[in-house]
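Chemist: Below is one structure. I have some questions about it.
Just so it is clear, none of the values below were taken in a lab; they were calculated from the coordinates. These numbers come from a predicted model, not from an experiment. Using ideal geometry, Cβ is built from the backbone for each residue, glycine included, and neighbour counts are taken over all protein chains shown.
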Amino acid sequence: MYKLDLHGYKIDNTIDVVDSFIYDHIQFGSKKLEIVTGDSKVVKGVVKEVVENYGLNCKPHLYNSNVLTITL
């Protein structure tokens, strides 16, 4: 499983980073992705918006609510 950690990214750059990450892994044929958002509701909202634009679903990780799991 591939993981993107968004700690250290500015919120303005988050959309582009997440979009690029998801697009690349769709092209590579990955099955599952994890995105570490931290506790920020704003960052989680941005990630969920990008994921929905791809027509995908994301849900909180089973053991860590600061990580979103995306199934491609």
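Chemist: Select from region 1-14 the residues that are free of Cβ contacts under 8 Å to residues at least 12 places away in the same chain and either under 14 Å from Thr71 (Cα atoms) or outside any helix (DSSP H, G or I) (or both) and list them in ascending order.
Modeler: Once the filter is applied, which keeps residues that are free of Cβ contacts under 8 Å to residues at least 12 places away in the same chain and either under 14 Å from Thr71 (Cα atoms) or outside any helix (DSSP H, G or I) (or both), region 1-14 yields Gly8, Tyr9, Lys10.
Yes/no matrix, rows are residues, columns are (1) part of a strand (DSSP E or B); (2) in contact (Cβ under 8 Å) with a residue 60 or more places away in the chain; (3) of a type in the set (A, V, I, L, M):
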{"position": "Asp16", "(1), (2), (3)": "no, no, no"}
{"position": "Ser20", "(1), (2), (3)": "no, no, no"}
{"position": "Asp24", "(1), (2), (3)": "no, no, no"}
{"position": "Ile35", "(1), (2), (3)": "yes, no, yes"}
{"position": "Val47", "(1), (2), (3)": "no, no, yes"}
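Chemist: So, in region 55-72, how many residues would count as being over 20 Å from Ile26 (Cβ atoms) and either of a type outside the set (Ser, Thr, Tyr) or in contact with a Leu (Cβ under 7 Å, 6 or more places away or on another chain) (or both)?
Modeler: Number of matching residues: 5.
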